[in-house]
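The structure under discussion appears below in the form of structure tokens.
All of the numbers you see were taken from the coordinates with simple rules; none came from a lab. All of these numbers come straight from a predicted model, not from anything done at the bench. Quick reminder, even Gly has a Cβ in these numbers, built from the backbone with ideal geometry, and neighbours come from all protein chains shown.
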Amino acid sequence: MSMRLPFMKNKQKEEPEQLPPENVPAHVAIIMDGNGRWAKKRGLPRVAGHREGVTVVKEVVRAASKMNVQILTLYTFSTENWKRPKSEIDFIMKLPKEFLHVYLPELMENNVKLETIGDIDALPEHTKEVILYAKDKTKNNNGLILNFALNYGSRYEIMQAVRQMMTDVDSAKLSIEKLDEHTFSSYLYTKGLTDPDLLIRTSGEQRISNFLLWQLAYTEFWFTDVLWPDFNKDILRQAIEDYQQRKRRYGGI
Ligand code: V0D
């Protein structure tokens, strides 16, 4: 897709960190799929894939920050993921603490602001606690917004928006005549965030899986067979370079 000419190869070798500065996607969203499959291939328990996945999250956050991405939204736990075995959920729910214990100082150093979308009230208390602490600690940072989708489901998000809008109409806080797309967006978890410019999904699946249904209306999609634990900053750069070659039309011509 990227149409890189053979002579470009050398230039790439010399400057592996370089990315054309124009037209960098402001908001990149990632469905980090394939941790379980990665582990299975190695005869390891699924949770080993999740742990490896955390190290990749760190590498990708550093890279996105350097490339001047403004918002990085990572789908870490969906409303459907509660169907997994309890032991796996218990393990996953310890990952935010593990991540932040070593990585929060680096987030502060790099001016990263941590935000979340999804219903974090339903997470275990110990998980919620560290996340709220990190959100509060980083709230005045003005670099990359690292946005974790946690217990997130897009249909639920839209439905609760409708419910709140109806409540607000009932109490005359919202008039039906004034309801437009912008107002609707302000009832979603993503209020205040721009829509994703680029969606990446790893592990070969090519579907949205209840992720950001409203927000992805004009987003460019980029799929790879690479499993999330094998993803890295070079593949991220490839996705962004491919994005930079595309022409976005937003329904126009
Ligand atoms: C498991 C691959 C980081 C996807 C990445 C609770 C599945 C590793 C976090 C994290 C998960 C979340 C919030 C936060 C700091 C870190 C995380 C979950 C799963 C679900 F403030 N990785 N990660 N959270 N996985």
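What single numbered condition from (1) under 23 Å from Gln18 (Cα atoms); (2) free of Cβ contacts under 8 Å to residues at least 60 places away in the same chain fails to hold for Gln244?
With (1) under 23 Å from Gln18 (Cα atoms); (2) free of Cβ contacts under 8 Å to residues at least 60 places away in the same chain applied to Gln244, the lone miss is (2).
Residues in the stretch 107-155 that are charged (D, E, K, R) and without any contact (Cβ under 8 Å) to a residue 24 or more places away in the chain: how many?
7
Looking at the structure I just gave you, is Glu125 more than 9 Å from the ligand (Cβ to nearest atom) and farther than 21 Å from Arg51 by Cβ?
Taking the combined requirement at face value, the residue satisfies it.
Take Ala29 and tell me if it is buried (at least 18 other Cβ atoms within 10 Å of the Cβ) and under 13 Å from the mean Cα position of the chain (by Cα). Give the derivation first.
Details: buried (at least 18 other Cβ atoms within 10 Å of the Cβ): yes; under 13 Å from the mean Cα position of the chain (by Cα): yes.
Yes: the conditions hold for Ala29.
So is Lys86 more than 11 Å from the ligand (Cβ to nearest atom) and buried (at least 17 other Cβ atoms within 10 Å of the Cβ) or not?
Answer is no for this residue.
Under 7 Å by Cβ, and 6 or more places apart or on different chains, what pairs join a residue from the stretch 35-58 that is more than 17 Å from Phe77 (Cα to Cα) and more than 9 Å from the ligand (Cβ to nearest atom) with one that is among the basic types (Lys, Arg) and not in a loop (DSSP other than H, G, I, E, B)?
Ala39/Arg46
Which condition number in (1) within 22 Å of Arg62 (Cβ to Cβ); (2) within 11 Å of the ligand (Cβ to nearest atom); (3) in a helix (DSSP H, G or I) is the one that Phe91 fails?
Only one criterion is unmet by Phe91, namely (1).
Have a look at Leu179, Leu213, Leu227, Leu199 and point out the one that is touching a residue at least 60 places away in the same chain (Cβ under 8 Å), surrounded by 13 or more Cβ atoms within 10 Å (Cβ to Cβ), aliphatic (A, V, I, L, M) and in contact with a helix residue (DSSP H, G or I) (Cβ under 9 Å, 6 or more places away or on another chain).
That would be Leu227, the only listed residue that is touching a residue at least 60 places away in the same chain (Cβ under 8 Å), surrounded by 13 or more Cβ atoms within 10 Å (Cβ to Cβ), aliphatic (A, V, I, L, M) and in contact with a helix residue (DSSP H, G or I) (Cβ under 9 Å, 6 or more places away or on another chain).
Need a quick list: strands (runs of 3 or more DSSP E) entirely within the stretch 139-230 having at least 3 residues that are within 16 Å of the ligand (Cβ to nearest atom).
Per the criteria, 145-152, 198-201.
What about Lys66, is it of a type in the set (D, E, K, R), surrounded by 13 or more Cβ atoms within 10 Å (Cβ to Cβ) and near the ligand (Cβ under 9 Å from one of its atoms)? Can you show your working first?
Values: of a type in the set (D, E, K, R): yes; surrounded by 13 or more Cβ atoms within 10 Å (Cβ to Cβ): yes; near the ligand (Cβ under 9 Å from one of its atoms): no.
Considered against the rule, which asks whether it is of a type in the set (D, E, K, R), surrounded by 13 or more Cβ atoms within 10 Å (Cβ to Cβ) and near the ligand (Cβ under 9 Å from one of its atoms), Lys66 comes out as no.
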